[in-house]
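Participant: Just passing along the structure, written as structure tokens.
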Amino acid sequence: MKIKESVILITGGSSGIGKAAAKLLSDSGANVAITGRDKTKLIKVAEETGSFAVHADVAKPADIEMTYKSVLDKFGRLDCLVNNAGIGEFTTLEELTLESFQKVYSVNVFGAAMMAKKASEIFKKQNSGNIINIASTAGLKGFARGTVYSSSKFALRGMTECWQAELRPFNIRVMLINPSEVTTAFADKNRSERPETAKKLRSEEIAHAIKSVLEMDDRGFIPELTVWATNPWEKK
């Protein structure tokens, strides 16, 4: 896909990976739209990244409809959806509640699926398009206290494989990116960005991965890409 002059929609674009991807893709000539739940923060980041702000929550069906209407009214087309919005809760098995599953799945699974559903309708009419799902290495291997979050990312990985099988005949590429630990505001109650450390991934590395998989010629695609920190361990 040619990045320049393409139209890319990134959910959860007001911080972390979404923000870094919006900046990199916008700087590369794409028309970028970002969504977010914090309107003040969203507008500020849109100005910083040269993006179009859509105040929306992927967990709300009405917001999804409004998001696509806003993007199509603004740009007239869509070339790529980046399903980046995600939240997490980390409890022991004994502490699990149904509400925890509902809260996390409403964004990480149901929201991502409904965003992709609408994008696929647009892409089928065009006979082209791209969907990038941002999952996690937690979707490859479970961990203690990861029941809710990890299972949501396993679900996203499974859905990705289903969509790949369904959408390839329509020239629609569906790609999964699994970041390992990234220093973002993820899971911080105050939504404050964590400071960078030399041994951890930054949002910029994942933004680079997003751009890289998109840039491959449309005749091919990378079904799944996992990004690890090169050496996350401190020397003893």
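The values are calculated or read from the model by the stated rules, or taken from the named source; none is laboratory data. Keep in mind it's a predicted model, so treat the numbers as computed, not measured. Cβ: placed from backbone, ideal geometry, glycine included. Neighbour counts: every protein chain shown.
Participant: Go through (1) in a helix (DSSP H, G or I); (2) farther than 14 Å from T147 by Cβ; (3) not hydroxyl-bearing (S, T, Y) one by one and return the number of the condition K103 breaks.
Facilitator: K103 satisfies every listed condition except (2).
Participant: Related question: Here are some conditions: (1) closer than 16 Å to V104 by Cβ; (2) under 15 Å from the mean Cα position of the chain (by Cα); (3) modelled with pLDDT of 95 or more; (4) not polar (S, T, N, Q). G142 meets all but one. Which one does it not meet?
Facilitator: (2) is the only condition that G142 fails.
Participant: If you go through segment 70-100, how many residues are under 19 Å from L25 (Cα atoms) and assigned to a helix (DSSP H, G or I)?
Facilitator: 4
Participant: State whether the residues of segment 113-132 include one that is more than 17 Å from the chain's Cα centre (by Cα) and buried (at least 20 other Cβ atoms within 10 Å of the Cβ). Step through it out loud before you land on a result.
Facilitator: Taking segment 113-132 first, the residues more than 17 Å from the chain's Cα centre (by Cα) are 121-128.
This time we only want the ones that are buried (at least 20 other Cβ atoms within 10 Å of the Cβ), so: 123.
The answer is yes; a qualifying residue exists.
Participant: Could you list all residues from segment 10-48 that are surrounded by 24 or more Cβ atoms within 10 Å (Cβ to Cβ) and hydroxyl-bearing (S, T, Y)?
Facilitator: Matches in segment 10-48: T11, S14, T35.
Participant: Follow-up. Quick test for you: out of G18, G29, pick the one residue that is under 25 Å from R202 (Cα atoms) and over 17 Å from the mean Cα position of the chain (by Cα).
Facilitator: So the residue among G18, G29 that is under 25 Å from R202 (Cα atoms) and over 17 Å from the mean Cα position of the chain (by Cα) is G29.
Participant: Any residue at all in segment 188-203 that is in a helix (DSSP H, G or I), under 25 Å from K39 (Cβ atoms) and either among the hydrophobic types (A, V, I, L, M, F, W, C) or under 14 Å from the mean Cα position of the chain (by Cα) (or both)?
Facilitator: Yes, because at least one residue in segment 188-203 is in a helix (DSSP H, G or I), under 25 Å from K39 (Cβ atoms) and either among the hydrophobic types (A, V, I, L, M, F, W, C) or under 14 Å from the mean Cα position of the chain (by Cα) (or both).
Participant: Filter segment 210-236 down to the residues that are assigned to a helix (DSSP H, G or I) and in contact with a helix residue (DSSP H, G or I) (Cβ under 9 Å, 6 or more places away or on another chain), then identify the one that is nearest to G13 (Cα to Cα).
Facilitator: Per the stated criteria, the residue is I210.
Participant: Under 6 Å between Cβ atoms, which residue pairs at least 6 apart in sequence (or on different chains) link something in segment 214-233 that is loosely packed, with under 15 Cβ neighbours inside 10 Å with a partner that is of a type in the set (K, R)?
Facilitator: P232/K199
Participant: I need the full set of residues from segment 129-177 which are assigned to a loop (DSSP other than H, G, I, E, B), more than 21 Å from E215 (Cβ to Cβ) and touching a Lys or Arg at 6+ places or on another chain (Cβ under 7 Å), in order please.
Facilitator: S136 - this is the single residue of segment 129-177 that is assigned to a loop (DSSP other than H, G, I, E, B), more than 21 Å from E215 (Cβ to Cβ) and touching a Lys or Arg at 6+ places or on another chain (Cβ under 7 Å).
Participant: So which residues in segment 59-98 are within 15 Å of the chain's Cα centre (by Cα) and surrounded by fewer than 16 Cβ atoms within 10 Å (Cβ to Cβ), if there are any at all?
Facilitator: Across segment 59-98, there are no qualifying residues.
Participant: Please go through (1) over 16 Å from V82 (Cα atoms); (2) modelled with pLDDT of 95 or more for F186 and return the number of the only condition it doesn't satisfy.
Facilitator: Exception for F186: condition (2).
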